[in-house]
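Student: Would you mind keeping the following structure in view while I ask a few things?
Derivation of every value follows stated rules applied to the coordinates shown; laboratory data play no part. Bear in mind the structure is a predicted one, so any value in this text is a computation, not a measurement. Note: ideal-geometry Cβ built from the backbone for every residue, glycine included; neighbour counts use all protein chains shown.
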Amino acid sequence: MNADLVLLNGKIVTVDSQESVQEALAVKFGRILAVGDSDDIKPSIGPDTEVIDLAGRTLIPGLIDSHCHMMMVGANRLLTEDLSEEAGIGSIKDIQDALRLRAERTPKGDWVTGFQEDDSKLAEKRHPTRWELDAASKDHPVIISTVGGHFSMANSKAFEMAGVTKDTPDPVGGKFDRDPETGEKTGGLHEQAIQMIMTGAPVGPTREQSYEGAKQILKECAALGLTMVYDTVHQPQIRAVLDLKNNGELPIRMRMDAAIDLFPELHKLGIYRGLGDDWARLCGLKFFFDGAISARTAAVTEPYLDKPDFYGVMATTREIATETIMNAYMEGYRISAHANGDQAIAMFLDIMEEAQAKYPREDPRNRDIHCSVINPDLAGRIKNLGILPTIFGPYVYYHGDKLIPAFGEKRLEWMFAARTFLDLDVMISAHSDHPCAPYPPLMALHGLVNRTSKAGRPIGQSQKISVMEALKLYTINAAYHSFDEDRLGSLEPGKLADMVILDADLLSIPTEEIIDIPVDMTLIDGEVVYTK
Ligand SMILES: [Zn+2]
């Protein structure tokens, strides 16, 4: 049979079970027809076959980000102010200026919002206060969220509109920052306190913003070698994914975890994992246990080194978590839970042990999203329960320098514990959690392999893994997390032809240079979706 596409003379890293490296690959009807030596594959070249000469370049399976919020970020870019370092924000004054400009084109009384603020990237090395946000506008409610998404700051107008005063107590599962002397609220909002202030705020972007924003960011993903992302979705994002797919404009494949508050509606309709097709499919429900690593609010059992007596923040209670998860699990839903710190992970495992005992299920593939701070006991329980952790890929590199003072070097040896999990044969994958970190997948591989920060400092070196292992986390293991291992994640006959051409040899380049490897071309179903 003549192939539609043939790639010759390459170094094809198949990521098959033998970790074999081949020279050539043929594609027919969007699937891989054969892999082998160039001489074996050449006979499948016919008059209509497109031929790509790899000329020694490396071909790898399409890369998969196992947890992120691309759909939300895409829309947010159009809806709200980007306050990240990448957007040119380097000080509190920069934040004030950006918000002031947005306020000037926003009707008085309407919300002015910003996202991606990161205190560690500001000259002042702290978040702005409520009064500093008042300087941007006194006539608009202003709220900005941090890079971790679990901590926000609001101005006085926002507090006033929400009816929150000095005397308002902290909500369950949340906390207001206060001046230690006067008790006055200083603007900082943790977890449920964010919801209290945001009552009345517009819930989200328009359908057009969701569509256009998603299309743009997913195209950027393809240019970085991502052929699939596993996103967390609410109604607007599900809608945008389907709008894009139905118009034939979805740039890459999507897998989705729906927010668990959608469980009653989904269950009423009989919708659970499996709805969709190879381009977009629902996989599970997402539940939230605790704070963020990048904001240093993950719920841990030993206090943060730079904040005495601070153990992070839980975003739920044991009772609420048990009831919510048990209801969904009983009905056959797969649970993906955000559990970052060892305190939160232990609670998640307690609940899943009970859930599995009450409602045993074969091959449940429940996931711990992040699973950042562990210990030998938790690792053993994860192994026994068959939980799939998906860990942060780019964090060591991108956030590493601020993690050292917060967690200390000893605990960093037990964070993002790729080596520990692989040695236990636990099927881990990795992710960017974008917007919590940048999403170039090669930055993630770089972080997982080198375990050094941007400034070059070692971060938990005992958890280093090999390049091939890191590649598996972003390919075949990620495919397993979305029940796609029979059709994605490696370059083997019969699988969908998702592949990336790299302009350097990933397996032999000095590992410090992985982050800089250029992506030459990205293909999905054997079709070029990006070319340099
Ligand atoms: Zn997330």
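Student: Calculate, in nm to one decimal, what Glu104 and Phe29 gain on full extension: separation in residues at 0.36 nm each, minus their alpha carbon distance.
Tutor: Result for the pair: 21.7 nm of gain on full extension.
Student: Expressed in nm to one decimal, what extension gain is obtained for the pair Arg126 and Asn375 from 0.36 nm per residue of sequence separation less their Cα-Cα distance?
Tutor: 86.6 nm
Student: With +1 on each Lys and Arg Cβ and -1 on each Asp and Glu Cβ, and nothing else charged, work out how big the dipole of the range 89-197 is about its Cα centre, in Debye to the nearest 20.
Tutor: 200
Student: Multiplying the sequence separation of Arg239 and Asp306 by 0.36 nm and subtracting their Cα-Cα distance, what value in nm do you get?
Tutor: Going from the current span to full extension adds 19.9 nm.
Student: Give me the distance between the Cα centres of the range 448-517 and the range 1-56, rounded to whole Å.
Tutor: 21
Student: Tilt of helix 376-385 relative to the longest C-alpha principal axis of the chain, in degrees (0 to 90, nearest 10)?
Tutor: Rounded to the nearest ten degrees, it is 60.
Student: Oh, and also: For the range 376-396 and the range 117-161, write down the distance between their C-alpha centroids in whole Å.
Tutor: 34
Student: Spin-label point model (7 Å from Cα, Cβ direction): what's the Arg318 to Glu362 distance in nm?
Tutor: According to this spin-label approximation, the distance is 3.4 nm.
Student: Work out the charge dipole of the chain with +1 on the Cβ of Lys and Arg and -1 on the Cβ of Asp and Glu about the Cα centre, then indicate which of Met254, Pro171, Ala136 is farthest towards its positive end.
Tutor: Working it through, the farthest residue towards the positive pole turns out to be Pro171.
Student: To test your reading of the geometry: what angle, between 0 and 90 degrees and rounded to tens, separates the Cα axis of helix 235-246 from the longest principal axis of the chain?
Tutor: The two axes meet at around 30 degrees.
Student: Round to the nearest 0.05 the FRET efficiency obtained for Ser84 and Arg178 when R0 = 22 Å and r is the Cβ-Cβ distance.
Tutor: That gives a FRET efficiency of 0.20.
Student: Sort 472-481, 354-363 by packing, meaning the average of other beta carbons within 10 Å per residue, with the highest value first.
Tutor: Listed from highest to lowest mean packing, they are 472-481, 354-363.
Student: How large is the Rg to Rh ratio of the range 70-228 when both quantities use alpha carbon positions and Rh follows Kirkwood?
Tutor: Answer for the range 70-228: 0.99.
Student: Let me ask something additional. Can you tell me what share of the DSSP beta bridges in the range 89-197 is antiparallel? A percent to the nearest 5 is fine.
Tutor: 70
Student: Count the net charge of all other residues whose Cβ sits under 14 Å from the Cβ of Val396, scoring Lys and Arg as +1 and Asp and Glu as -1.
Tutor: Around Val396, the charge tally is +2.
Student: Related question: With charges set only on the Cβ (+1 for Lys and Arg, -1 for Asp and Glu), what does the dipole of the range 31-93 come to about its Cα centre, in debye to the nearest 20?
Tutor: Here the range 31-93 has a charge dipole of around 200 debye.
Student: I would also like to ask the following. Among the DSSP beta bridges whose two residues both lie in the chain, what percent are antiparallel, rounded to the nearest 5?
Tutor: Around 45 percent of the beta bridges assigned by DSSP in the chain are antiparallel ones.
Student: Could you pull out which residues in the range 171-187 have an amide N less than 16 Å from a spot 7 Å beyond the Cα of Thr165, following the Cα-Cβ vector?
Tutor: Label zone hits: 183-185.
Student: OK, next. Per-residue ellipticity at 222 nm for the chain, helices alone: DSSP H runs ≥ 4 residues times -39500 (n - 2.57), over residue total, nearest 500 deg cm²/dmol?
Tutor: Per the formula, -9000 deg cm²/dmol.
Student: Another question, then. Cα-based Rg (one decimal) and Dmax (whole number) for the chain, in Å?
Tutor: Cα radius of gyration and Dmax of the chain are 23.3, 81 Å respectively.
Student: Could the peptides 397-406, 89-98 be put in order, highest first, of the mean number of other beta-carbon atoms found within 10 Å of their residues?
Tutor: Per-residue mean Cβ counts within 10 Å order the peptides as 397-406, 89-98.
Student: So for the range 5-56, considering every pair of alpha-carbon atoms, how many percent are separated by more than 15 Å?
Tutor: Cα-Cα pairs in the range 5-56 separated by more than 15 Å: 40 percent.
Student: So what's the range 119-189 giving for Cα Rg divided by 2.2 N^0.38 Å, two decimals?
Tutor: Taking N as the residue count of the range 119-189, the ratio is 1.08.
Student: Counting other C-beta atoms within 10 Å, and keeping those with at most 13, which DSSP coil trypsin sites (Lys or Arg not before Pro) do you find in the range 1-59?
Tutor: Here no trypsin sites (Lys or Arg not before Pro) fit, given the DSSP loop and packing criteria.
Student: Return Ile45, Ile369, Ile52, Ile524 ranked ascending by Cβ neighbour count within 10 Å, so the fewest neighbours appear first.
Tutor: Listed from fewest to most nearby Cβ atoms, that is Ile45, Ile52, Ile524, Ile369.
Student: Here is a follow-up. May I ask which residue of Gly200, Leu282, Ala292 lies farthest towards the positive end of the charge dipole of the chain, with charges of +1 (Lys, Arg) and -1 (Asp, Glu) on Cβ and the Cα centre as origin?
Tutor: Highest projection toward the positive end goes to Gly200.
Student: Another one. If you average over every viewing direction, what projected area does the convex hull of the Cα atoms of the range 1-96 give, in nm²?
Tutor: Computed as one quarter of the Cα hull surface, the answer is 10.4 nm².
Student: If you keep only loop residues by DSSP, which chymotrypsin sites (Phe, Trp or Tyr not before Pro) in the range 221-327 have at most 15 other Cβ atoms within 10 Å of their Cβ?
Tutor: Sparse-neighbourhood loop chymotrypsin sites (Phe, Trp or Tyr not before Pro): Phe310.
Student: Tilt of helix 70-79 relative to the longest C-alpha principal axis of the chain, in degrees (0 to 90, nearest 10)?
Tutor: 50
Student: Let me ask something else about it. What is the distance in Å between the Cα centres of the range 416-437 and the range 225-285?
Tutor: Taking the Cα centre of each part, the range 416-437 and the range 225-285 sit 23 Å apart.
Student: With only Lys, Arg, Asp and Glu charged, each at its Cβ (+1 for the first two, -1 for the last two), find how big the charge dipole of the chain is about the Cα centre; round to the nearest 20 debye.
Tutor: Roughly 720 debye, rounded to the nearest 20.
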